[in-house]
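We did not get these values from a lab; they are worked out from the coordinates using the rules stated. Everything numeric here is computed off the predicted structure, so don't read it as measured data. No Cβ is skipped: glycine too gets one built from the backbone with ideal geometry, and neighbour counts run over all protein chains shown.
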Amino acid sequence: MCPLTCCADRARRQLCLGMLLLALAVCIEVPALAQSGTRNPQGSNARPAQPSANVALEGFCPVCIIDVQKWVRGIAQHQATYDGKTYYFPGQEQKQTFLNDPARYVPALGGDSTVALIDTGRRVAGSVHHAAFQDGRLFLFVDDNEKRQYLADPDKYAKADLALNGNCAVCSVDLNKQVPGKPEIAAYHQGLRYLFPSDAQRKAFLANPAGYAVKTVAPPAAR
């Protein structure tokens, strides 16, 4: 056989092999990207943040989850702590958005299962792999059975983390009055959501939460 013909055949085989490897790489990558989104996180196009036990949402960005309903990994370089838990973000923009109104983005009951609290009276950590959205809020559950229970009757569980039935804790202590708070003016303390009629009461609460907070079931210990 002519040497030139052998070289040409070898080059064609190498080209075909290269194209096959490229096609396999694309087939592997596309499903991983398609799995991220509004559903529970099955994959991510970002490098895992390798979060510690105290990092909320397994390192996923709460702003991305709530605002665009996508599960995007955060990184340790962009983090913020709120109500005793650390949240990761992919960039400074998401971190600042969170800091402007953290109560808007943290999961219900601080990430514990509202179904477990209502049905058993215990605080049990939920999982990002069993999540549901309701009225712009994120709820985490222990397993799919709890998630199905919640979806079957969300009104029973959605307000499990609401302190004082939505009345202002500061008004109750300082003025001895029951004043309804507003959902858009909220703060979390030990996983419970407190509502206030104005930002002045919210600031007073955040300055001294122990003076206004109600006694509650202790959150689960970090695992």
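Of note:
- Backbone phi angles across region 156-171, fed through the Karplus curve with coefficients 6.51, -1.76 and 1.60 (θ = phi - 60°), yield HN-Hα couplings of 6, 10, 5, 9, 4, 9, 7, 7, 6, 6, x, 7, 6, 5, 5, 5 Hz in residue order; Gly and Pro are listed as x.
- Per-residue ³J(HN,Hα) for region 120-129, Karplus 6.51 cos²θ - 1.76 cosθ + 1.60, θ = phi - 60°, Hz, x for Gly and Pro: 10, x, 10, 8, 10, 4, x, 10, 5, 7
- In terms of surrounding Cβ atoms within a 10 Å radius of their Cβ, Arg73, Arg123 rank from fewest to most as Arg123, Arg73.
- Rounded to the nearest 20, the Cβ-based charge dipole of region 107-202 about its Cα centre (Lys and Arg +1, Asp and Glu -1) stands at 180 debye.
- Applied to region 186-192, the Karplus parametrisation 6.51 cos²θ - 1.76 cosθ + 1.60 on θ = phi - 60° returns per-residue 3J(HN,Hα) values of 10, 8, 10, 9, 6, x, 8 Hz, with x for Gly and Pro.
- Fewest-first ranking of Lys215, Lys95, using other Cβ atoms within 10 Å as the exposure measure: Lys215, Lys95
- Taking 19 Å as the straight-line reach from the Cα of Lys177, the aspartates and glutamates in range (excluding those fewer than 8 positions away in the same chain) are Asp199.
- Exposure proxy ranking for Asp67, Asp161, based on other Cβ atoms within 10 angstrom of each Cβ and starting from the fewest, stands as Asp67, Asp161.
- Greater than 21 Å apart at Cα, pairs in Lys70/Lys182; Lys95/Lys215; Lys156/Lys203; Lys85/Lys215; Lys95/Lys156: Lys70/Lys182; Lys95/Lys215; Lys156/Lys203; Lys95/Lys156
- Estimated FRET transfer efficiency (Leu206, Val142; beta-carbon r; R0 25 Å; 0.05): 0.25
- Taking amide hydrogens as placed 1.01 Å from N in the peptide plane, the amide H of Asn167 sits under 5 Å from those of Gly181, each at least 5 positions away in sequence or on another chain.
- Proximal charge balance of Gly84 [Cβ under 14 Å; K/R count +1, D/E count -1]: 0
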